[in-house]
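Student: If you scroll down you'll find the structure; I have some questions about it.
The values are calculated or read from the model by the stated rules, or taken from the named source; none is laboratory data. Because the structure is a prediction, the values reported are computed rather than measured. Glycine also receives a Cβ, built like all others from the backbone with ideal geometry; neighbour counts cover every protein chain displayed. In case anyone asks, the SASA skips ligands and DNA or RNA and just uses the protein heavy atoms, side chains included. Shrake-Rupley method; radii C 1.70, N 1.55, O 1.52, S 1.80 Å.
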Amino acid sequence: MLRISLRQRFGIAAVLLVCTTVMASMWTFVALSRLSGVVTDTVRDSEAVTAVTSKLSGALEREDDAVLLVLAGEAQGRAELARERTVVDRAVGDLFDVLGPVDEQELATPLKTALEEYRQAADAVIPVASAEEALGQYHERANPLLRRAVNLTTVIRDRHFTLARQAVTTARDEAASSRRAVLFTTVVALAFAVLVSWHLTNRIVTPLRRLTRGADAIRRGEFDERIDLRSGDELGELAAAFNDMATDLAEFRRTNVREMIEAKQALEATLEALPDAVLLLAPDGRILSMNRMAQATCRAAHLATPATLHELHLEGLDHATILEALRTASEVGLNTDLTRTVQIERQGRRHRLLPRVVHMPTTGAPHGAILLLSDVTELARVDEMRSELVAVASHELQTPLTTLRMTLLMLQEAAAALPAREQELIATSLMGVEQLNETVHEFLDLTRIEAGELRLALEPVQLTRLLAEVVGSAEAQAAGLGVSMERAVASNLPPLAADRPRLRIVFDNLLSNALKYTPRGGAIRVEATFERPSGDARVGQVAISVHDTGPGIPREYRERVFEKFFRLEHQHLDDRRTARGAGIGLYMCRQIVELHGGRIRCTTGDGEIGTRITVQLPVRQRVFEAADALAPSA
């Protein structure tokens with residue numbers, strides 16, 4: 001079977017259409033050109049003959065007048081006769097030039113003969129002596145011959161008029177014939193174009209429609225759809241490729257469905273084996289499914305199977321935070337504080353569940369999420385025991401530390417008589433006792449914070465003076481470590497309503513951490529600025545930042561460093577310097593700052609190295625009123 005591609009079919013159709021159009025156009029052009037030539041030649045010949053015959057008729061009449069002058073005896077008659085005969089001869093010559101051979105034979109030759117006979121008769125009459133006799137012979141013999149010549153001239157002109165009319169008639173007939181031929185050619189070309197279009201439609205458009213219906217069937221999941229098209233062109237190849245694709249998709253679907261079922265069963269088994277309660281949430285808060293542990297949790301809370309998140313009434317569960325996590329498609333650990341967990345009663349025992357929302361990625365929006373309720377009962381109990389141990393130990397250490405501190409202070413007062421070495425040992429011991437006393441006080445504050453019993457003693461605090469004291473006390477240690485201290489404190493800092501001792505604990509902790517992690521040759525910069533959102537300088541906030549040039553804190557740990565007992569060294573960062581600490585310094589800082597209505601955060605600016613801790617504290621109007629009340633009167 002001859003294989004003709006679509007490109008070849010389109011090419012052949014285009015060539016045939018072009019050839020048909022060109023042939024019709026060429027035939028029309030030739031017919032019109034020939035018709036135009038015939039009409040033009042006929043009109044030109046008719047005009048030439050008319051002009052020559054008119055000239056010849058006039059010349060004959062003037063020659064006859066010259067003959068009459070000669071017969072009348074006029075002196076100039078013979079000269080006039082000779083001149084007019086020359087004009088007549090020239091006109092006869094022109095007539096032979098414009099006439100065809102047939103007209104010359106039938107008309108011009110008899111005209112020439114009649115003219116010669118006329119001239120012979122006129123010349124024979126001229127010698128007669130008497131004028132009257134000559135005129136009589138002229139009218140009898142010569143004038144009839146002249147009339148015959150003039151009539152022949154008129155006949156020639158009339159015949160050419162007739163020929164011109166015949167040419168016009170012929171041109172009209174030719175034009176009608178050309179119109180019919182052009183109309184016939186147009187109809188044939190149109191019929192041929194319709195035939196070609198029908199053929200191409202039948203061979204191209206119909207298979208394409210079948211392919212479109214097949215593609216729609218595949219889109220609907222009907223993978224058994226096949227296209228029966230056995231043409232040897234590109235459409236046949238496309239249909240064969242479509243059928244192969246449908247076969248592969250059907251096989252893939254069967255395989256994929258089996259794998260999906262197996263994966264679903266494995267996932268369900270895994271969820272059932274988890275010790276945590278797992279709930280699958282839709283973007284609008286509907287509960288799509290729950291594992292066995294989640295169902296047991298609902299039963300323990302005396303809940304019927306909840307259909308939505310709002311029906312999941314568990315003590316301590318923050319529905320608003322979960323819905324916000326669903327809306328923003330983010331992963332949120334709702335609470336890392338073990339004292340604020342979801343609590344349920346199960347089998348006569350109090351259980352604590354730590355909620356967490358895990359973003360569930362999908363191919364389109366919106367996204368669902370998974371709510372995990374991890375049982376942290378034992379962890380919470382250990383945390384409570386640790387907090388109790390810290391509280392008891394701190395409280396029990398306070399009495400012997402006070403005794404030891406008072407003893408060392410009394411020794412220091414009487415140490416003037418002791419050698420310098422002993423004086424240095426007493427001073428060192430007293431400094432160690434003071435540091436241990438500060439740590440004990442931090443643990444006690446930690447205990448008060450967790451119990452919700454920490455109270456602030458607010459007073460107007462001059463932040464510029466407080467920062468100067470903190471930086472001044474840290475400069476000696478910084479110099480010993482080879483670290484430079486820089487301070488950039490704005491001069492327009494207003495007083496704050498703050499608990500001065502505890503605010504100093506915040507800044508001491510920040511500088512202490514910076515000194516721990518800044519290498520020798522590094523620098524620590526303390527900055528303080530006042531931000532005024534309005535024109536009143538007494539309303540706004542103060543931002544204090546401590547920036548070091550140490551190794552910095554990875555982005556994923558910048559929030560966790562403020563958690564209780566979190567140590568960055570425990571995250572296996574091998575390139576980090578090991579520094580001792582209890583892991584409660586930044587936790588205490590956050591609690592104290594938030595009690596002041598402020599905010600603390602860990603950031604690193606563009607192009608910066610190291611760590612930047614920023615504390616933002618609000619400035620309120622009542623601070624200035626209290627400061628004015630405490631100011632001495634003049």
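Student: Considering each residue of the range 271-296, count those that are in contact (Cβ under 8 Å) with a residue 12 or more places away in the chain, within 14 Å of Ala307 (Cα to Cα) and outside any loop (DSSP other than H, G, I, E, B), and give that number.
Tutor: 8
Student: Go through the range 109-126 and give me each residue that's free of Cβ contacts under 8 Å to residues at least 24 places away in the same chain and farther than 14 Å from Ala66 by Cβ.
Tutor: Residues satisfying the conditions are Thr109, Lys112, Thr113, Glu116, Gln120, Ala124.
Student: Restricting to the range 584-633, count the residues that are modelled with pLDDT of 80 or more and exposed (fewer than 15 other Cβ atoms within 10 Å of the Cβ).
Tutor: Counting residues in the range 584-633 that are modelled with pLDDT of 80 or more and exposed (fewer than 15 other Cβ atoms within 10 Å of the Cβ) gives 4.
Student: Those residues that are within 22 Å of Arg590 (Cβ to Cβ) and either of a type in the set (A, V, I, L, M, F, W, C) or open to solvent by less than 60 Å² (accessible area, probe 1.4 Å) (or both), I need them from the range 519-529; list them, please.
Tutor: Ile524, Val526, Glu527, Ala528, listed by residue number.
Student: Kindly establish whether Pro144 is open to solvent by less than 80 Å² (accessible area, probe 1.4 Å) and over 30 Å from Val15 (Cβ atoms).
Tutor: Considered against the rule, which asks whether it is open to solvent by less than 80 Å² (accessible area, probe 1.4 Å) and over 30 Å from Val15 (Cβ atoms), Pro144 comes out as yes.
Student: Then there is this: If you take the residues in the range 257-299 that are charged (D, E, K, R) and closer than 18 Å to Thr321 by Cβ, which one is surrounded by the fewest Cβ atoms within 10 Å (Cβ to Cβ)?
Tutor: So, considering only residues that are charged (D, E, K, R) and closer than 18 Å to Thr321 by Cβ, the one surrounded by the fewest Cβ atoms within 10 Å (Cβ to Cβ) is Asp284.
Student: Same structure, new question: For the range 255-288, what are the residues that are closer than 19 Å to Ser374 by Cα and over 38 Å from the mean Cα position of the chain (by Cα)?
Tutor: Of everything in the range 255-288, those that are closer than 19 Å to Ser374 by Cα and over 38 Å from the mean Cα position of the chain (by Cα) turn out to be Leu267, Glu268, Ala269, Thr270, Leu271, Glu272, Ala273, Leu274, Pro275, Asp276, Ala277, Val278.
Student: From the list Ala175, Ala129, Ala108, which residue is modelled with pLDDT under 75, more than 60 Å from the chain's Cα centre (by Cα) and open to solvent by 60 Å² or more (accessible area, probe 1.4 Å)?
Tutor: Of Ala175, Ala129, Ala108, the one residue that is modelled with pLDDT under 75, more than 60 Å from the chain's Cα centre (by Cα) and open to solvent by 60 Å² or more (accessible area, probe 1.4 Å) is Ala129.
Student: Assess whether Pro501 counts as being modelled with pLDDT of 85 or more and more than 24 Å from Ile609 (Cα to Cα).
Tutor: Yes: the conditions hold for Pro501.
Student: Of all residues in the range 549-562, which are part of a loop (DSSP other than H, G, I, E, B) and open to solvent by less than 50 Å² (accessible area, probe 1.4 Å)?
Tutor: Once the filter is applied, which keeps residues that are part of a loop (DSSP other than H, G, I, E, B) and open to solvent by less than 50 Å² (accessible area, probe 1.4 Å), the range 549-562 yields Thr549, Gly550, Gly552, Ile553, Pro554, Arg558.
Student: Only one of (1) assigned to a helix (DSSP H, G or I); (2) in contact with a helix residue (DSSP H, G or I) (Cβ under 6 Å, 6 or more places away or on another chain); (3) surrounded by fewer than 18 Cβ atoms within 10 Å (Cβ to Cβ) is not met by Lys516, so which one is it?
Tutor: (2)
Student: What about Ala193, is it in contact with a Phe, Trp or Tyr (Cβ under 8 Å, 6 or more places away or on another chain), among the small types (Gly, Ala, Ser), more than 30 Å from Arg253 (Cβ to Cβ) and surrounded by 12 or more Cβ atoms within 10 Å (Cβ to Cβ)?
Tutor: no
Student: Collect the residues in the range 151-163 that are open to solvent by less than 20 Å² (accessible area, probe 1.4 Å) and not polar (S, T, N, Q), keeping them in residue-number order.
Tutor: Ile156, His160
Student: Next question, about the same structure. Hey, among Leu466, Leu436, Leu425, which residue is of a type in the set (A, V, I, L, M, F, W, C) and either at pLDDT 85 or above or open to solvent by less than 60 Å² (accessible area, probe 1.4 Å) (or both)?
Tutor: Residue meeting the stated conditions: Leu466.
Student: Given Glu563, Glu486, Glu527, Glu459, which one is acidic (Asp, Glu), at pLDDT 90 or above and in contact with a Ser or Thr (Cβ under 8 Å, 6 or more places away or on another chain)?
Tutor: Glu527
Student: Can you name the condition, by its number, that Gly581 falls short on among (1) open to solvent by 30 Å² or more (accessible area, probe 1.4 Å); (2) modelled with pLDDT of 85 or more?
Tutor: Against the list (1) open to solvent by 30 Å² or more (accessible area, probe 1.4 Å); (2) modelled with pLDDT of 85 or more, Gly581 comes up short only on (2).
Residue-wise test of (1) touching an Asp or Glu at 6+ places or on another chain (Cβ under 8 Å); (2) at pLDDT 75 or above; (3) open to solvent by 30 Å² or more (accessible area, probe 1.4 Å).
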position: Arg220; (1), (2), (3): no, yes, yes
position: Ser231; (1), (2), (3): no, no, no
position: Leu238; (1), (2), (3): no, yes, yes
position: Ala250; (1), (2), (3): yes, yes, no
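Student: Being open to solvent by less than 20 Å² (accessible area, probe 1.4 Å), assigned to a helix (DSSP H, G or I), under 28 Å from Phe161 (Cα atoms) and in contact (Cβ under 8 Å) with a residue 24 or more places away in the chain narrows it down to one of Val67, Val49, Val87, so name that one.
Tutor: Val49
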